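The values are calculated or read from the model by the stated rules, or taken from the named source; none is laboratory data. Owing to the predicted nature of the structure, the values given are computational and were not obtained by experimental measurement. A quick note on method: Cβ atoms are made from the backbone with ideal geometry, for glycine too, and the neighbour counts reach across all protein chains shown. SASA here: full protein model, heavy atoms, side chains in, ligands and nucleic acids out. Shrake-Rupley method; radii C 1.70, N 1.55, O 1.52, S 1.80 Å.
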Amino acid sequence: MDVQQRMKELVAAEAAKRIESGMILGLGSGSTAALLIEELGRRWQAGEVTDIVGVPTSFQASVLAQKHRIPQITLNEIDHIDLAIDGADEVDPRRNLIKGGGACHTREKLVDSRADRFIVVVDETKLSDALGSFPLPVEVVPEAYRQVMDALTRLGGVPELRMAVRKAGPVVTDQGNLVVDAKFDTIADPAALESRINNIPGVLENGLFVGLADEVLVGRVAGEQADVYTL
């Protein structure tokens, strides 16, 4: 088995242990979160957990939950989420995150910020001393992507409109918007940059998640040994 895949499976299984009967759950997006939904589906169908309901962060998460017969609900129908579990593209030592590699960061931030507890699941390749290694995703309305790219350049970023793979044209989010990936050097003040980007007209949301994560579960493999530790 691929080493990175093994680490993802380990953290997904560990995170699933935090899920208890009766919870309203934020269901994350991406490859590691998908493994978590699969494990949750197994526990749900086996009767190991009961009376749960999921709030998906993307169409992908919703389809996976449906596949595993996990009940779903929308944000507008609830007043809180007990536990959200989601992946990340980059994590710094203060548990600040960059998310949005799958273009789901707007709904992810809506769900994760509503949760009483937010757990991040990653493998150790996602850890950085400071954010900035991963290009920062910014969701923009289609009519404004050029002016947003100009504004991101003035903030010190190198923006690029994300293009689709095996489809002509740009990536389109679940909300019908576009994604601009802005490469910054080391992001010294994630909170300030998050606020400045979100104040640019035409921006819906960006992938900086500052001060939201309560726990980061990290999978690692050294030789034949594999384990999970908490950041």
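Roll a 1.4 Å probe over the protein chains and send me the accessible area per residue for the chain in Å².
48 Å²
Among bridges DSSP assigns within the chain, what percent are antiparallel (round to 5)?
Details: 24 of 43 bridges.
So the antiparallel bridges in the chain amount to around 55 percent.
Return the long-range amide H neighbours of Gly26 (sequence gap of 5 or more, or a different chain), with a cut-off of under 5 Å between placed amide H atoms.
Answer set, sorted by chain and number: Val55, Leu83, Ala84, Ile85.
R0 = 25 Å: FRET efficiency of Ser31 with Ser195, Cβ-based, nearest 0.05?
According to the calculation, E is roughly 0.25.
Excluding Asp112 itself, what net charge comes from residues whose Cβ is under 13 Å from its Cβ, given Lys and Arg +1 and Asp and Glu -1? Could the numbers behind the result be given before it?
Working: positive: Arg95, Lys99, Arg107, Lys109, Arg114, Arg117; negative: Asp82, Asp86, Glu108, Asp116, Glu205, Asp214, Glu215.
In short, -1.
Convert each backbone phi in segment 168-179 into a coupling constant with the Karplus relation 6.51 cos²θ - 1.76 cosθ + 1.60 (shift: θ = phi - 60°), then list the ³J(HN,Hα) values in order as whole Hz, x for Gly and Pro.
With the stated coefficients, segment 168-179 comes to 5, x, x, 5, 10, 6, 4, 8, x, 10, 9, 10 Hz.
Using alpha carbons only, what's the Rg to Rh ratio of segment 111-183 with Rh from Kirkwood?
Here the Rg-to-Rh quotient is 1.03.
Within segment 164-231, list the GluC sites (Glu not before Pro) lying in a DSSP loop whose Cβ has at most 13 other Cβ atoms in a 10 Å radius.
Qualifying residues, ordered by number: Glu224.
In the full protein assembly as shown, how much of Arg114 is accessible to a 1.4 Å probe, in Å² to the nearest 10?
90 Å²
Please report, as a whole percent, how much of the solvent-accessible surface of segment 97-162 comes from carbon and sulfur atoms (probe radius 1.4 Å).
48 percent
Per the Debye formula with a single identical scatterer at each Cα and no solvent contribution, what log10 I(q)/I(0) holds for segment 1-53 at q = 0.12, 0.21, 0.30 Å⁻¹?
With one equal scatterer per Cα and no solvent, log10 I(q)/I(0) is -0.26, -0.73, -1.23.
Based on the mean of other Cβ atoms within 10 Å per residue, sort peptides 8-16, 30-38 so the most packed one is first.
30-38, 8-16
Computed from the mean reciprocal separation of all distinct C-alpha pairs, what Kirkwood hydrodynamic radius does segment 32-145 have, in Å?
Result for segment 32-145 stands at 15.3 Å.
If I take R0 = 25 Å and measure r between the Cβ atoms of Val141 and Leu231 in this structure, what FRET efficiency does the formula 1/(1 + (r/R0)^6) give, to the nearest 0.05?
0.10
If you stretched the chain out fully between Leu155 and Val63, how much longer would it get, using 0.36 nm times the residue separation minus the C-alpha to C-alpha distance? Mind showing how you got there, number by number?
Details: separation 92, 0.36 × 92 = 33.12 nm, distance 3.72 nm.
Result: 29.4 nm gained on full extension.
Largest first, please: the extent of the C-alpha atoms of the chain along each principal axis, to the nearest Å.
53, 44, 35
What's the ranking of 98-107, 122-131 by average number of surrounding C-beta atoms within 10 Å, highest first?
Listed from highest to lowest mean packing, they are 98-107, 122-131.
Return the long-range amide H neighbours of Ile52 (sequence gap of 5 or more, or a different chain), with a cut-off of under 5 Å between placed amide H atoms.
So Ile52 has HN proximity to Gly22.
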